[in-house]
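Scroll down for the structure; my scribbles are underneath it.
The values are calculated or read from the model by the stated rules, or taken from the named source; none is laboratory data. These numbers come from a predicted model, not from an experiment. Because the Cβ atoms are built from the backbone with ideal geometry, glycine has one as well, and the counts that use them run over all protein chains shown.
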Amino acid sequence: MFTTKLHIDTTAQRVVFAEATKDAVDYLVSLLESPAVSFLGLDIWDSCVDNIFDSAEDLEDAADEPPPPVQVQVKKSFFQCSYKSRPACGEFVTETSGVMCPSCGWPMATEVSNGTPGAGCSAVGTGGFVAPRAAPMPMACVLTDDMRAMPMSGSRSTTLTRMRTLFPRDISAVAVEEKTVQLGHKECMAIAEAALRSRTVLTDVFLGNKAPQSSPPPSDA
């Protein structure tokens, strides 16, 4: 299941683009490559197949770019007095094994998991671990109505502002609705099949029955 946010031109009843992830695009490509979707009897020149296949390759290239350097997780070692011949020996901790205990003068060589700073010793708090690296987030991308996918570059707001230049008229005059939808297998199959027949795939799948109807002619009665 993939969470996707549609950006809809409510006046024209058209999905201009959607916020998606690379995982969702990869899944759509896998459906188009599967026997479940047939190309037989279809004129794919009027479809979006090439767009989504080319986009998937571009997203793969972007995903292969090296990530920015991250801080390596490092464990620090702390040492206390090995003899603790005096009550105060347990109050001191150091990061260097073998230094003299300020209380009794014996070596501080017993490793401990944490410690309390003391006079003449390291003033390091408990723990000693660098914050763990967060799990990688799925690559965010933008998917257009004709199945062109591109990675979000820079901030989300910058990307969305640039994408809204796809609107056919002045953005200030367009009523834009954002709608969050869930893409399961059924929805992804509908998108994949529509991509074989149309260049307005997202609109056809999500707004197919909502297009404005022309007004009926006035009655002569």
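Looking only at segment 180-196, filter to residues that are touching a residue at least 60 places away in the same chain (Cβ under 8 Å) and over 20 Å from the mean Cα position of the chain (by Cα); which one of those is nearest to residue 51 (Cα to Cα)? My answer is 195.
Is there a residue being of a type in the set (A, V, I, L, M, F, W, C) and at pLDDT below 70 anywhere in segment 81-101? Don't jump to the end; show me each part of the working.
In the first step, residues of segment 81-101 are kept if they are of a type in the set (A, V, I, L, M, F, W, C); the result is 81, 88-89, 92-93, 99-101.
Next, only the ones that are at pLDDT below 70 stay: none.
No: segment 81-101 contains no residue that is of a type in the set (A, V, I, L, M, F, W, C) and at pLDDT below 70.
Scanning segment 60-80 for residues that are in contact with a strand residue (DSSP E or B) (Cβ under 7 Å, 6 or more places away or on another chain) and at pLDDT 75 or above gives 62, 77, 78, 79, 80. Restricting segment 29-59 to residues that are among the hydrophobic types (A, V, I, L, M, F, W, C) and within 29 Å of residue 175 (Cα to Cα) leaves a set whose member that is modelled with the lowest pLDDT is 48. Counting only helices (runs of 4 or more DSSP H) that sit wholly inside segment 133-221, those with at least 3 residues that are of a type in the set (A, V, I, L, M, F, W, C) and at pLDDT below 90 are 185-195.
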